[in-house]
1. How many residues are at pLDDT 95 or above, surrounded by 18 or more Cβ atoms within 10 Å (Cβ to Cβ) and not β-branched (Val, Ile, Thr) when one looks only at the stretch 91-103?
2. Is it the case that the stretch 389-410 has a residue that's without any contact (Cβ under 8 Å) to a residue 60 or more places away in the chain and either near the ligand (Cβ under 9 Å from one of its atoms) or more than 24 Å from residue 206 (Cβ to Cβ) (or both)?
3. Looking only at residues in the stretch 162-184 that are small (Gly, Ala, Ser) and outside any strand (DSSP E or B), which one is surrounded by the fewest Cβ atoms within 10 Å (Cβ to Cβ)?
4. Checking the structure you have, find out if any residue of the stretch 339-357 is hydrophobic (A, V, I, L, M, F, W, C), more than 16 Å from the ligand (Cβ to nearest atom) and in a loop (DSSP other than H, G, I, E, B).
5. Go through 575, 527, 560 for me and flag whichever is of a type in the set (Val, Ile, Thr), within 32 Å of the chain's Cα centre (by Cα) and crowded, with 18+ Cβ neighbours inside 10 Å.
6. Could you list, in sequence order, all residues of the stretch 358-379 that are in a helix (DSSP H, G or I), without any contact (Cβ under 8 Å) to a residue 40 or more places away in the chain and open to solvent by 10 Å² or more (accessible area, probe 1.4 Å)?
7. Would you confirm whether or not the stretch 286-300 contains a residue that is touching a Ser or Thr at 6+ places or on another chain (Cβ under 7 Å), free of Cβ contacts under 8 Å to residues at least 40 places away in the same chain and either open to solvent by 30 Å² or more (accessible area, probe 1.4 Å) or within 29 Å of residue 192 (Cα to Cα) (or both)?
Amino acid sequence: MCGIIGILGSHEVAPVILDALRRLEYRGYDSAGIATIHEGRLELRRATGKLMNLSDVLVCEPLRGKAGIGHTRWATHGAPSVENAHPHRSGRVAVVHNGIIENFRELREELSAAGCRFASETDTEVIVHLTDRHLGMGLGPVEAARATLACLKGAFALAFLFEGEGDLLIAARHGSPLAIGHGEGEMYLGSDAIALAPMTNRLTYLEEGDWAVLTRQGVTIHDSQGSPVQRAITVIDVENARIDKAGHRHFMAKEMAEQPSVIKAVIDHYVAEETEEPAMPLGVDFATADRVVMVACGTAFHACQVAKYWFEQLARIPVEIDIASEFRYRDPVLGEGDIVIVVSQSGETADTLAALRHVAGRVARTLAVVNVPTSSIAREADVVIPMHAGPEIGVASTKAFTAQLLVLLLLALKCGRDRDRMEPGHCARLLSDIRSIPGFMSQILDREADYERIAEVLGECDDVLFLGRGVMFPMALEAALKLKEISYIHAEAYAAGELKHGPIALIDKGLPVVVLAPRDGLFEKTVSNMQEVMARHGPVVLLTDAEGAAGAGAVSHCVVLPEVPEVVAPFAYAVPAQMLAYHAALARGTDVDQPRNLAKSVTVE
Ligand code: F6R
């Protein structure tokens, strides 16, 4: 959420910053801007909308200079406009900010009373006015920035640039991620490794409360008390930070297509061939655990909802799941025997990170299932279980979702074995089912024409209802989320049995109902609910297997999926759900990879 970049370079930096912002655009795309220092003078350019608009501004009004900062915005305070775009400037200082300054109203009132004129509606602008005032009181840039940081409450990652200071950047981290990049006679800062990947693979991640002074010679880091501290340099895998669409029209299309190979990579990492046991994770034993608690947001939460069924069925352990933003504010009852699993693609989601901090030291162990192994959540959990999905750039999560599902299924298997609830033979059979996932996913991906045909119908509707039972209920929730976030069609999902407790009132011939129903033990019950829809002229789109299709009656549309073992059915039904959303979005001409109002990494509450 908001991407930040800063460079002290040896060549012109504006094009390099623009390029880095392109890699950060998944974090926000309401507006963007760059500030540089050229011959001591601070100058900035800003534009609303996609980065292309800023690029056009720079063609007409180029920015010179070898030191600069850049920003791509996801609006929190103030609509997307040039005035609200970052960098913000007051006098000699410019700032880019990711996060929220919670006490900005008080600060703004004080500054206004003291005569400051505000040019934007943002919370960020107080930072530049405060810093400029501190400079005006005779403080140097470092002391001025430090005095400003002491006034701020909230979550922020900041970069400061000062007029007359072509070899100085100041960075600060308080609740939002920030990394320092080390170059040869150049230094960088950025919101993530992806931003800095073409420039350097040597990164230092700032810890909570750290602030840093960068020159081309290096960086000095201070902790929240102001004491100088050493933070390790991590060498990152640049290949893993490379991003391109590999010939696909959208990142989402590429990421959906990658799922068979991602699933195979997860299997290769976590299933030792010779032992027929999940080989994960080191240092966690579920045998003595009283309970598993899973916490996440959005799609990652849906993965937890599916996993609850697996842990309960395969390991007979009590499981509690919660949305991270609710969990930490309801004062949850925690026990020393609890194992808490947080799930996050980005590893930076503010609520999930806060939930992890809330339980730290109060439970037996914290596990983080994350896609970005250098993320804040990965660094703070007791045990990290990377999901090995590779960079996910499309805002709608696809391959990370199925990778999360698989990591959680393997954990459930391990839990069942640790607790002696599962015979080795049963575990081996389930692992063999798991090995079949890449094959059937490829087959399902190949059915593009089917999805396109149905998506055209969905694309013409204002509302769509999704139904499922058992694990297909959270899968229906995920299908509805995918459809609404990228096509803007209003979609809801219900447990099929809940239909007659309210939502059935919505059914008429204009409301398509998508039913996820493999031929399993619950199929007949779901068919009854489907009949209730059809009796009221609701058009039904059925996702099922051949046996299910034979027993379902005359639905409006049916996608016949391969018959797959029950435990791995969520992997089969995830793909058509994603595909229907993708093709409905194409039919409606929306921005698939960067849907309105959304950002990939949600680093604010
Ligand atoms: C939906 C989607 C979001 C994320 C959610 C959590 O397609 O991507 O709902 O799942 O914002 O993000 P992470 O997994 O990064 O914590």
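The values are calculated or read from the model by the stated rules, or taken from the named source; none is laboratory data. As the structure is a prediction and not an experimental result, all values here were calculated from the model. Glycine gets a Cβ as well: all are built from the backbone with ideal geometry, and neighbour counts include every protein chain shown. Quick note on the areas: whole protein, heavy atoms, side chains included, nothing else; ligands and nucleic acids left out. Shrake-Rupley method; radii C 1.70, N 1.55, O 1.52, S 1.80 Å.
1. Total satisfying the criteria: 3.
2. No, every residue in the stretch 389-410 fails to be without any contact (Cβ under 8 Å) to a residue 60 or more places away in the chain and either near the ligand (Cβ under 9 Å from one of its atoms) or more than 24 Å from residue 206 (Cβ to Cβ) (or both).
3. 164
4. Within the stretch 339-357 (the criterion being hydrophobic (A, V, I, L, M, F, W, C), more than 16 Å from the ligand (Cβ to nearest atom) and in a loop (DSSP other than H, G, I, E, B)), the answer is no, since none of the residues qualifies.
5. On inspection, the qualifying residue turns out to be 575.
6. If the condition is that a residue be in a helix (DSSP H, G or I), without any contact (Cβ under 8 Å) to a residue 40 or more places away in the chain and open to solvent by 10 Å² or more (accessible area, probe 1.4 Å), then 358 is the only one that fits.
7. So far as the stretch 286-300 goes, no, none of its residues is touching a Ser or Thr at 6+ places or on another chain (Cβ under 7 Å), free of Cβ contacts under 8 Å to residues at least 40 places away in the same chain and either open to solvent by 30 Å² or more (accessible area, probe 1.4 Å) or within 29 Å of residue 192 (Cα to Cα) (or both).
Yes/no matrix, rows are residues, columns are (1) out of contact with any Lys or Arg (no Cβ under 6 Å at 6 or more places or on another chain); (2) assigned to a helix (DSSP H, G or I); (3) without any contact (Cβ under 8 Å) to a residue 60 or more places away in the chain; (4) away from the ligand (no atom under 16 Å from the Cβ):
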residue	(1), (2), (3), (4)
520	yes, no, yes, yes
527	yes, yes, yes, yes
531	yes, yes, yes, yes
548	no, yes, yes, yes
560	yes, no, yes, yes
582	yes, yes, no, no
